[in-house]
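Only one structure is covered here, and it is reproduced in the block below.
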Amino acid sequence: MTQDVEHASPPDFDARIREATPVLSDTDTTSPARSQLGPETLTWKFYGDMRGLLGFQRLAGTENCIEQLGQGVLDHSVIFGDFLGRARRTGPPIMRTVYHRDAAEWGRTVRDFHRDIKGTISDGSRYHALNPELFYWAHATFVDQVLYVTDTFIRRLSHAEKSQIFEESKIWYALYGISARDQPQTYDEFCSYWESMLERFVPHKTIVYATGYIRKGVPGPRRVPAPVWRVVSAPLNAFIRTVVVGTLPQQMRDVCDLEWNDRLQRRFDRFAAFMRLINPLVNRLPLKALYTPWAYEAWRDAGVDPRRLHNKVDR
């Protein structure tokens, strides 16, 4: 996501994130006046696409490169003992906030998961997961995932389409019931905000641990001899070090000490171009194979076939 815009954080960002105080929205998310996302949106079309898995490390990594969130995961999560289990518990409720008919209820459920997530960071200042600046950053990483994965691996998005996805993200965020006091108001402001946050990345223990499989290679099953696993896993590790690392912002590669160079960038660009080239073929897959279970169920219940929607760039 690149734009020629000034990189500026929201007003008083540092002071506000250190307030470490939950600030809920004064808008009733259950009101009919507060619309939720639906089949006509680009977010429905692209967020639940299975190709979103290609952006999983970008999503999880950028979120936890901000010290307060990395510390929150370290203090309150089981990531070090049950990484995949945590992902399974986190992903479905957020998917349901987008796709479920009771989206506001699921949004409040996600919010309430975070009511007791608080503590201190290395400089002694406090954090709270429901502080709006911190909660919005977590949300922003999901918005970025939709924008980045779609534009990189599915099809190029026009500026108007990116702006539409950003506008839809405001509805998405409102479903959580957290104050939007410093939320960017336009897509260009969001790009500026995103770039400013990248400059705040730190090598927190959480994200350094979570990217260890990239530096060291994917650990093998206990019953597979190490020499055999080194041979068997070589293609997988090569894919991870090219495609997975290729999705990451350079600031994240730097703080996580992940190798990257022009040769790897060219390989990544070829892979991404190939993925976009075969998009018309991918769109012919059965709906159940193309979307996550939560998105598939929502499309099925809506009686809409998304494979026919939004396949051309909206100029």
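Hey, does segment 231-240 have a residue that's out of contact with any helix residue (DSSP H, G or I) (no Cβ under 6 Å at 6 or more places or on another chain), of a type in the set (Ser, Thr, Tyr) and crowded, with 18+ Cβ neighbours inside 10 Å? No, every residue in segment 231-240 fails to be out of contact with any helix residue (DSSP H, G or I) (no Cβ under 6 Å at 6 or more places or on another chain), of a type in the set (Ser, Thr, Tyr) and crowded, with 18+ Cβ neighbours inside 10 Å. Of the set (1) farther than 17 Å from ALA138 by Cα; (2) more than 19 Å from the chain's Cα centre (by Cα), all apply to GLN250 but (2).
Remark: VAL73 falls outside the filter, which requires a residue to be hydrophobic (A, V, I, L, M, F, W, C), closer than 30 Å to ASP254 by Cα, touching an Asp or Glu at 6+ places or on another chain (Cβ under 9 Å) and at pLDDT below 65.
Among ALA140, ALA160, which is in contact with an Asp or Glu (Cβ under 6 Å, 6 or more places away or on another chain) and either touching a residue at least 24 places away in the same chain (Cβ under 8 Å) or buried (at least 22 other Cβ atoms within 10 Å of the Cβ) (or both)?
Working: ALA140 fails: in contact with an Asp or Glu (Cβ under 6 Å, 6 or more places away or on another chain).
None of the other options fit; the residue is ALA160.
Pairs are defined by a Cβ separation below 6 Å, a sequence spacing of at least 6 or placement on different chains, a first member in segment 287-314 that is touching a residue at least 12 places away in the same chain (Cβ under 8 Å), and a second member that is acidic (Asp, Glu) and in a helix (DSSP H, G or I); the pairs so defined are ASP314/GLU161. Applying the condition of being assigned to a loop (DSSP other than H, G, I, E, B) and out of contact with any Leu (no Cβ under 8 Å at 6 or more places or on another chain) to segment 299-315 and asking which residue is modelled with the lowest pLDDT yields ARG315. For segment 174-186, the set of residues classified as surrounded by fewer than 22 Cβ atoms within 10 Å (Cβ to Cβ), under 22 Å from LEU42 (Cβ atoms) and touching a residue at least 12 places away in the same chain (Cβ under 8 Å) consists of ALA174, ALA180, GLN183, PRO184, THR186, listed by residue number.
The values are calculated or read from the model by the stated rules, or taken from the named source; none is laboratory data. In this text the structure is predicted, and so the values were computed from the model without any measurement. Note: ideal-geometry Cβ built from the backbone for every residue, glycine included; neighbour counts use all protein chains shown.
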